[in-house]
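Peer 1: Encoded as structure tokens, here's the structure I'll be asking about.
The values are calculated or read from the model by the stated rules, or taken from the named source; none is laboratory data. Because the structure is predicted, anything quoted here is derived from the model rather than measured. Neighbour counts run over all protein chains shown; Cβ positions are idealised from the backbone, glycine included. The protein model used for the area step is the full one, side chains on, heavy atoms only, and it has no ligands, DNA or RNA in it. Shrake-Rupley method; radii C 1.70, N 1.55, O 1.52, S 1.80 Å.
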Amino acid sequence: MAILNEIRSWTGKRAYCFRGRDILTDKGGDAADAEAVASLAFCFKVVCEDTVTGCIGALVPQDTVAPTGYTFTPIPAYFFSHDEQENTRAARMKGYAGWLDSTRFCPACGHPLRLHAVENALECPECGRLHFPRVEPCIITLISRGDEILLLRNVRDTKGIYACLAGFVEVGETLEQALRREVREETGLEVQNIRYAGSQGWPFPDQLMLAFYADYKSGEIVIQESEIADARWFRREALPPMPAPGSIAWRLINGRF
Ligand SMILES: [Zn+2]
């Protein structure tokens, strides 16, 4: 049993309170203490306790005001300023709380779900189906061509940031097939020599980023205009504005695995 939807005790617990894409933090930028999170209990949409890590996760509505002395910080900024162990704890609670919030009824029969007594799952008392937390695999890749690397600017980007190519794995695909397909769709290029680099949980809402290096094989860049605003080869001594340290794109570009 990993997740309880009731809190046995707040004392000495790490607690993570999420508001949309924000996390409640103290003046030092760390996750708020359990007492501060508990003070918002009157407006919790969801609260759960993880019996594996001993952490508490809570979701509050978008109009929630932080307690005095605390603030809501964008989760990516939190991730970029904490280590992998802490980020994993926070991501896990964001994932579980979001899952409980968005999975209230059985997708097969519409009956309200309840937490399973043993499995880390929701069960349907009507039809017996189990529903597990979703993890959506997403590939991200840095493509090299000699001394150059390929970076892309997303159409949703407003800050001039160039990042690595990324996309969701489709049903039945291998990771390598997904990578080749995404590269082809977004840039028109073919790649070879795909090497696994590392991974990162990214709970927005439930992605698992799987990072790879790949080498250019053939083709000229033809961008997918619905997704990509610009894609170019950059020399390492003349790189554009890039994702912040802590992101897996930054780790790929800087070889930090
Ligand atoms: Zn059902």
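Peer 1: Exactly one condition in (1) among the aromatic types (F, W, Y); (2) open to solvent by 40 Å² or more (accessible area, probe 1.4 Å); (3) away from the ligand (no atom under 13 Å from the Cβ) is false for F105; which is it?
Peer 2: So the condition that F105 fails would be (3).
Peer 1: A further question on this structure: Of the numbered conditions (1) open to solvent by 40 Å² or more (accessible area, probe 1.4 Å); (2) more than 16 Å from the ligand (Cβ to nearest atom), P76 satisfies every one except a single condition; which is it?
Peer 2: It fails just one condition, (1).
Peer 1: Something else about it: Can you give me the ranges of the strands (runs of 3 or more DSSP E) entirely in the range 123-242 with at least 1 residues that are more than 24 Å from K94 (Cα to Cα) and among the polar types (S, T, N, Q)? Step through it out loud before you land on a result.
Peer 2: Working: elements: 136-145, 148-154, 165-168, 190-202, 207-218, 228-235.
Correct list: 136-145, 148-154, 190-202, 207-218.
Peer 1: If you go through the range 62-73, how many residues are surrounded by fewer than 15 Cβ atoms within 10 Å (Cβ to Cβ) and over 20 Å from the mean Cα position of the chain (by Cα)? Explain how you work it out, then say what you get.
Peer 2: Going through the range 62-73, the residues surrounded by fewer than 15 Cβ atoms within 10 Å (Cβ to Cβ) turn out to be 62-63, 65, 68-69, 71.
Narrowing further to those that are over 20 Å from the mean Cα position of the chain (by Cα): 63, 65, 68-69, 71.
Of the residues in that region, 5 qualify.
Peer 1: Which residue out of E182, E186, E190 is more than 24 Å from D22 (Cα to Cα), surrounded by fewer than 21 Cβ atoms within 10 Å (Cβ to Cβ) and at pLDDT 95 or above?
Peer 2: Numbers: E182 fails: surrounded by fewer than 21 Cβ atoms within 10 Å (Cβ to Cβ); E186 fails: surrounded by fewer than 21 Cβ atoms within 10 Å (Cβ to Cβ).
Of E182, E186, E190, the one residue that is more than 24 Å from D22 (Cα to Cα), surrounded by fewer than 21 Cβ atoms within 10 Å (Cβ to Cβ) and at pLDDT 95 or above is E190.
Peer 1: Restricting attention to the range 130-146, report how many residues are in contact with a strand residue (DSSP E or B) (Cβ under 7 Å, 6 or more places away or on another chain) and within 16 Å of the ligand (Cβ to nearest atom). Quick ask: steps written out before the conclusion?
Peer 2: Pass one, the range 130-146, residues in contact with a strand residue (DSSP E or B) (Cβ under 7 Å, 6 or more places away or on another chain): 130-131, 135-145.
Then keep just the ones that are within 16 Å of the ligand (Cβ to nearest atom); that gives 130-131.
Of the residues in that region, 2 qualify.
Peer 1: In this structure, is E148 surrounded by 13 or more Cβ atoms within 10 Å (Cβ to Cβ), outside the structural domain of V47 (by TED's automatic domain parsing) and free of Cβ contacts under 8 Å to residues at least 40 places away in the same chain? Please lay out each step first, then the result.
Peer 2: Values: surrounded by 13 or more Cβ atoms within 10 Å (Cβ to Cβ): yes; outside the structural domain of V47 (by TED's automatic domain parsing): yes; free of Cβ contacts under 8 Å to residues at least 40 places away in the same chain: no.
It is false that E148 is surrounded by 13 or more Cβ atoms within 10 Å (Cβ to Cβ), outside the structural domain of V47 (by TED's automatic domain parsing) and free of Cβ contacts under 8 Å to residues at least 40 places away in the same chain.
Peer 1: With the requirement that a residue be out of contact with any strand residue (DSSP E or B) (no Cβ under 6 Å at 6 or more places or on another chain) and closer than 23 Å to A41 by Cβ, what does the range 72-98 give you?
Peer 2: R92, G95, G98
Peer 1: If we scan the range 49-60, do we find a residue that is open to solvent by 30 Å² or more (accessible area, probe 1.4 Å), assigned by TED's automatic domain parsing to the domain that holds R92 and at pLDDT 95 or above?
Peer 2: no
Peer 1: Could you list, ordered by first residue, the pairs with Cβ atoms under 9 Å in which the first is in the range 98-121 and in a loop (DSSP other than H, G, I, E, B) and the second is small (G, A, S), at least 6 apart or interchain?
Peer 2: Once the first residue is in a loop (DSSP other than H, G, I, E, B) and sits in the range 98-121, its partners that are small (G, A, S) give E119/A2; N120/A2.
Peer 1: Now, a different point. Restricting to the range 110-121, and then to whatever is in contact with a Pro (Cβ under 9 Å, 6 or more places away or on another chain) and closer than 17 Å to L4 by Cβ, can you tell me which residue is farthest from the ligand (Cβ to nearest atom)?
Peer 2: So the residue we want is N120.
Peer 1: Please state which one of L113, L151, L142 is touching a Phe, Trp or Tyr at 6+ places or on another chain (Cβ under 8 Å) and more than 23 Å from L210 (Cα to Cα).
Peer 2: The match here is L113.
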